[in-house]
Structures are given as C-alpha cells and as structure tokens.
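Everything below concerns the one structure shown next.
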C-alpha cells in the first residue's frame with residue numbers, strides 16, 4: 001500500500017473519531033438541557049400541564065389514524081405529505097391533552113374547543129387557545145422531541 005493512502009486513511013479515521021466525540025458531547029448536552037427543562041416544568045406543575053408521550057412507529061401510525069378525532073382547525077395548515085406530519089400531529093395531541101388537563105371541564109372536545117396555531121417543528125413553540133362556552137383563554141405552548149418522546153406543555157398567558 002502506498003504511504004500517502006495509509007496517511008489519508010489514518011487522517012480520515014482521526015477526523016471521524018473527532019466528529020464522533022463531538023456528536024456524543026452534543027447529545028449529552030442536549031439530554032442535560034432537556035432534563036433541566038423537564039425538571040423545571042415539574043416544579044411548576046400546579047401552573048403547567050405537561051404531557052410526555054412515547055410514540056414508537058406503531059403508535060405514531062395510530063395517531064395518524066385517529067387524527068380526525070382531535071384535529072379540526074389544524075387540518076387547514078397541516079400537510080399530510082410532509083415528513084414531519086405525524087410529528088406535528090403528536091405535538092398537537094400533546095398540547096391539546098395539556099389544555100384539557102389545565103381546564104378540566106366536562107363536555108369539552110379536543111376538535112372543537114382547543115386550537116393550536118400553526119407552528120414548525122424547529123420553532124418548538126406555538127400558541128394554543130381554549131374556546132369553550134364563551135370563555136376564550138390563550139396559552140403559550142412549547143414542545144420538544146427526544147429519544148422517541150414528545151413533551152408538550154401549555155402555560156396560560
């Protein structure tokens with residue numbers, strides 16, 4: 001083997017190892033940041049409703065199938081052909097469950113009384129509304145995804 005080829009392979013391996021270490025550090029930092037967020041939210045539980053869901057592929061497909069039961073207004077901005085369609089459905093479901101837990105009023109329907117304003121997965125924030133029997137309440141809503149989990153929460157403004 002030519003030494004320049006060997007040198008090139010060694011350099012590539014070193015670069016790959018450095019990149020792998022950088023990725024591992026970023027993953028650990030991300031886990032730590034997300035855990036900090038979850039811990040802070042847990043401390044505020046009486047003012048915030050948090051929903052942490054695990055959604056594997058089968059569960060995400062079920063979310064897609066039952067979307068008509070909890071989504072109405074949101075279908076106006078959702079695009080079923082985008083790669084993040086099911087992720088967005090999961091976030092909408094999580095935010096609406098959080099709103100339901102906060103408002104906890106019999107007779108409320110996810111489709112009719114909870115609205116999640118358009119968002120992108122990169123934003124990680126949106127606004128949601130409860131519109132029920134003349135009462136309108138605005139909520140700041142945030143979400144994050146990590147390790148197969150989706151965390152969504154709502155805070156009344």
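Going by neighbour counts of Cβ atoms within 10 Å, the residues 9, 81, 144 line up, fewest first, as 81, 9, 144.
In the frame of its principal axes, the stretch 46-156 has Cα extents of 37, 27, 23 Å, reported largest first.
On average over all directions, what projected area in square nanometres does the stretch 94-157 have, based on the convex hull of its Cα atoms? That works out to 4.5 nm².
Bear in mind that the values in this text are calculations on the coordinates, not laboratory data. None of the values given here were measured: they were computed from a predicted structure. All Cβ positions, even for glycine, are placed from backbone atoms using ideal geometry, and neighbour counts span all protein chains on display.
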